[in-house]
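What follows is a set of notes on a single structure, which appears directly below.
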Amino acid sequence: MEEGANEVGLRINEENTKYKINTRNKVRFKNKKHLQIYNYKFERVGEFKYLGSMITEHRDNNTEIKARITAGNSSYYSVLPLLRSKAVSRTTKIRMYKTIIRPVVLYGSEAWCLTANGEKILCIWERKVLRKIFGQICVAGYWRSRTNEEVRQLYRELDIVTEIKTGRLRWLGHVERMSEERVVKRLYQNTPEGSRSVGRLRLRWMDDVREDQRRLGVTKWRIRAHRRLKNGREGGQGPKGLCNHGVVVVVVVVVNRVEFVSNRMSYSSERSMV
């Protein structure tokens, strides 16, 4: 490692280099705090941020979700005076939320494996922002905050959990169309060796996405995803609004209303197409 770094004019920074162990066996590596390699001694950490995403020792997505919400709160408080202002229309405030605040929270969400607790955390945060946008309501001379149902009726758009699930389906189709040489495609097709640990199995990303497909009634998605590639609609050559800078929208669900509530979804759909 040191020889490879010297070849390109780099040196190993012992203080800024950390290492992490992914394991469910806490006893085996309990006392292993440092890693000794020749003259270098690297500190062990339980989590670290890589390319804006929080990678944890126990692969807990809730830690990443809370980190993204913290970053989203920074964006939220930076525009809070505008959200409070009566001179700004609700339409403009919602547009600010969808283009300035929410994308900060959704960064990297295509790779999340959502749990019921994670969905609850995200929905609570979104309702907090929407309540600030819509303001309080006066009932019998008293001002009160709007209920969850009132906020949903005023918003009339897909909630943040639904946006994440849609983004995961879009990413799945994008990976399916990748060439066989891409590292992401090889990892996607690879089957890890060995056996899974005893106890309740953790929900895998593909299992979560397949459950979304089952609820939405999406079938033959692989055939349809490759059909888009044959039609030359990848790489920004499709209709405006569907393809932008090489990102292709794989699943477009035309719905009147889609509502995800924890593990229950109720929807009325006119047409679904890939």
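Residues being free of Cβ contacts under 8 Å to residues at least 24 places away in the same chain and charged (D, E, K, R): count how many of those fall in segment 158-175. Please lay out each step first, then the result.
Initially, segment 158-175 is screened for residues free of Cβ contacts under 8 Å to residues at least 24 places away in the same chain, giving 175.
Filter once more, so that each one left must be charged (D, E, K, R): none.
The qualifying residues number 0.
Highlighted here are the helices (runs of 4 or more DSSP H) found entirely within segment 52-128 that include at least 2 residues which are more than 24 Å from residue 153 (Cα to Cα): 61-78. One residue stands out among those in segment 77-129 that are among the β-branched types (Val, Ile, Thr) and within 30 Å of residue 188 (Cα to Cα): the one that is modelled with the lowest pLDDT, which is 115. Quick test for you: out of 155, 142, 188, pick the one residue that is at pLDDT below 90 and of a type outside the set (S, T, N, Q). So the residue among 155, 142, 188 that is at pLDDT below 90 and of a type outside the set (S, T, N, Q) is 188.
When 65, 101 are screened for being surrounded by 14 or more Cβ atoms within 10 Å (Cβ to Cβ), touching a Phe, Trp or Tyr at 6+ places or on another chain (Cβ under 6 Å) and among the hydrophobic types (A, V, I, L, M, F, W, C), only 101 passes.
Which residues, taken from segment 108-156, are acidic (Asp, Glu), touching a residue at least 40 places away in the same chain (Cβ under 8 Å) and touching a Lys or Arg at 6+ places or on another chain (Cβ under 9 Å)? Steps first, answer last, please.
Looking only at segment 108-156, we keep the residues that are acidic (Asp, Glu), and these are 110, 119, 126, 149-150.
Narrowing further to those that are touching a residue at least 40 places away in the same chain (Cβ under 8 Å): 110, 119.
Scanning segment 108-156 gives a single hit, 110.
Considering only segment 36-56, I want to know if a residue exists there that is loosely packed, with under 11 Cβ neighbours inside 10 Å and at pLDDT below 75. No - not one qualifying residue is present in segment 36-56.
The values are calculated or read from the model by the stated rules, or taken from the named source; none is laboratory data. Treat the numbers as computed from the prediction; the structure is a model and nothing was measured. In this analysis, Cβ positions are derived from the backbone assuming ideal geometry, glycine residues included, and neighbour counts consider all displayed protein chains.
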